[in-house]
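Written out below as structure tokens is the structure these notes cover.
The values are calculated or read from the model by the stated rules, or taken from the named source; none is laboratory data. For clarity, every value in this text was computed on a predicted model and none was experimentally measured. For neighbour counting, all protein chains shown are included, and Cβ atoms are generated from backbone atoms with ideal geometry for every residue, glycine included.
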Amino acid sequence: MLKPRLNQNRLGWFVSLALCILVLFPLAAVIVQVLLPGVFFGDWKLGDLRLLLELFNRPLWLKSLENSVLLASGTTLLATLLGGMLAMARATWRFPTARLLDAAVWGLLITPSFILAQGWVMFAAGGGLAVKLLGWSWITPAVFQPAGLIVVMTLSKFPLAYLSVHAAMEWKVEQLAEAARLCGASAWRVWRTVQAPLLLPAFLAGAALVFMDTVGDFGLPASIAAVYRFPTLPYSIYSALYTSPIRFDMAGVLSFYLVLLISLAMLLQFYVMRRSRFDFLSARAIPSEPKPAGRMTPLLTIGNLLFLLVVVGIPIGTNVLMSLFRTQSGGFTLDNLTFSHYVSLFADHSQLLAGLGRSLLIASVSALAGLALGVAVAFVLTYSRFRFKRWIEVMSLVTLAVPGVVLGIGYIFVWNQAWLESIGLLLYGKPAILVLASVAGAVPVITRIMVGAMAKVPGTLLDAAQMQGGSLLNLVRLILAPLIRGALLSAALAAFGSSVFDLAVNAILFPPNFFTLPVSINKAFEDLNFGYASAATMLGGGTVILIILLLEMLLRRKVART
């Protein structure tokens, strides 16, 4: 067994090096930039650490921090409560439109935040659909203020808490509640003292995910910048790189505080989880099945439909309508309906089709490369005895927590070194850096999917093949891959879809005159060309969904035949 173990150690070191290049080095570069601000440009002079305290003396920096903390804290509280309550209702009762809620949750989860935010802006702005079609003049000041933005973000981020709590309610131990009821406890007291505490880990996990995703969100501030000034840390970092002169000091300091906020959230969650025990499953645990809602069925059905009309109908429906309206003020009339916005996408000088092609190519390459690396990472975590595999797991998860703007800043520092040009690795300003960043974003998603799939394949199966002299490559190719083909396909398609619409990385790293799909859409939106932006969103999103459905249908059919 010495040779197979040696091969697995080599794979472990290879995976460690790849993750260091993709994640650890760029993240470390952001921190180093604060301590040694000129090191990436040949100046080894120690930086003035008092620059970190300048945040409290510079109005824009401080306001960005305050807005990020306010937005993330408010959204975490409301989204966790909303997602948790919806998940408990969904797991407890059965009603006709319940599956629509599940579909909406996944739809909101995979839809880029900047597209959802653009839909809300076009609906609630001063000349938006709510004012022009419905006469709701009150909605503009209600939405474009901190509390309104928190509500908008809550309606976009609650799926993270919903999935966390819903997964925790897959099993139940009924005798705990029955014992409490036999002691005279009311139904409310049983829920408050027995069921709710058992769900605390799921609520904490959901809250942590909501906070990290919100505080690093670039889509909402980038979209509302056209109509409302609300600087946050991610958007101010982006602005520091695309103003003249370029403010690397500002980008470095704000990135430091952004990473600090996320780190504190993760540490707080770990601390709370370690302070208490929540393991309650026993041999008497049974799968949780929703019960008929009875007299509450009409209320749950109608309430769910109204809720979905808001959370899905407003952002997505507004994009559809705006892509078909000649003007916003024209209203819903036959004279105002047009396909001219879609026609303009195919004009001779339109950048949209070129951007769509580039995004699809980048996403395809990054999905394949990310799949290869993700499978290697999952293999090491599941089957190997590599001594540092715990650190590999941590590095593979870091990208989920680190915002795209911070990762993009790190890539600029790492891949913009003059000495790299002599060895052909000066990637900044080239499309290859977008592929590299997309792979970094795809690896944690692919790894989570593959670890779950590999956990079902016994290690003894692979040990038997190794005893027969099979190489590590043949072991994966001939034994493991056929057993997890469905997971491989799902992981690749998930990575492909998420890479196409990654606005943060594309906005920071796109080379000159190399517009991609999300950058083209966001640029049109910033220019207040809402009809064109909506048509581009519909065309791009429809194309991606069609490609994913066709690939899944063709490949799964091929798998079924074999």
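Return yes or no: is ILE521 modelled with pLDDT of 85 or more, within 16 Å of PRO112 (Cα to Cα) and β-branched (Val, Ile, Thr)?
So ILE521 fits the description; yes.
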note = The residue from SER364, SER384 that alone is within 22 Å of the chain's Cα centre (by Cα) and in contact (Cβ under 8 Å) with a residue 12 or more places away in the chain is SER364
query = Could you list, in sequence order, the residues of the range 68-77 that are buried (at least 20 other Cβ atoms within 10 Å of the Cβ) and either more than 19 Å from the chain's Cα centre (by Cα) or farther than 17 Å from PHE256 by Cβ (or both)?
reply = LEU71, THR75, THR76
query = Which members of the range 116-143 meet the condition of being in contact with a helix residue (DSSP H, G or I) (Cβ under 7 Å, 6 or more places away or on another chain) and farther than 21 Å from ARG326 by Cβ?
reply = LEU116, ALA117, TRP120, TRP136, SER137, ILE139, THR140, ALA142, VAL143
task = Name, by its number, the condition in (1) modelled with pLDDT under 85; (2) in a helix (DSSP H, G or I); (3) surrounded by fewer than 16 Cβ atoms within 10 Å (Cβ to Cβ) that does not hold for ASP43.
result = (2)
Complete set of residues in the range 125-144 that are crowded, with 20+ Cβ neighbours inside 10 Å, touching a residue at least 24 places away in the same chain (Cβ under 8 Å) and not aromatic (Phe, Trp, Tyr) = ALA125, GLY128, LEU129
key: Pair list, Cβ < 7 Å and 6+ apart or interchain, from the range 64-78 residues that are in the same structural domain as LEU220 (by TED's automatic domain parsing) to residues that are of a type in the set (Lys, Arg) and modelled with pLDDT of 90 or more   = THR75/LYS157
inquiry  = Please go through the range 497-535 and give me each residue that is within 25 Å of LEU427 (Cβ to Cβ) and outside any helix (DSSP H, G or I), ordered by number.
reply    = PHE501, ASP502, PHE510, PRO511, PRO512, ASN513, PHE514, PHE515, THR516
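Condition check ((1) over 33 Å from the mean Cα position of the chain (by Cα); (2) of a type in the set (A, V, I, L, M, F, W, C); (3) under 30 Å from ALA125 (Cβ atoms); (4) modelled with pLDDT of 75 or more) across all residues:
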{"position": "TYR271", "(1), (2), (3), (4)": "no, no, no, no"}
{"position": "ARG277", "(1), (2), (3), (4)": "no, no, no, no"}
{"position": "ARG284", "(1), (2), (3), (4)": "yes, no, no, no"}
{"position": "SER288", "(1), (2), (3), (4)": "no, no, no, no"}
{"position": "THR297", "(1), (2), (3), (4)": "yes, no, no, yes"}
{"position": "ILE302", "(1), (2), (3), (4)": "no, yes, yes, yes"}
{"position": "ILE314", "(1), (2), (3), (4)": "no, yes, yes, yes"}
{"position": "LEU321", "(1), (2), (3), (4)": "no, yes, yes, yes"}
{"position": "GLN328", "(1), (2), (3), (4)": "no, no, yes, no"}
message = Can you find a residue that is among the charged types (D, E, K, R), surrounded by 20 or more Cβ atoms within 10 Å (Cβ to Cβ) and more than 19 Å from TRP61 (Cα to Cα) anywhere in the range 203-218?
response = yes
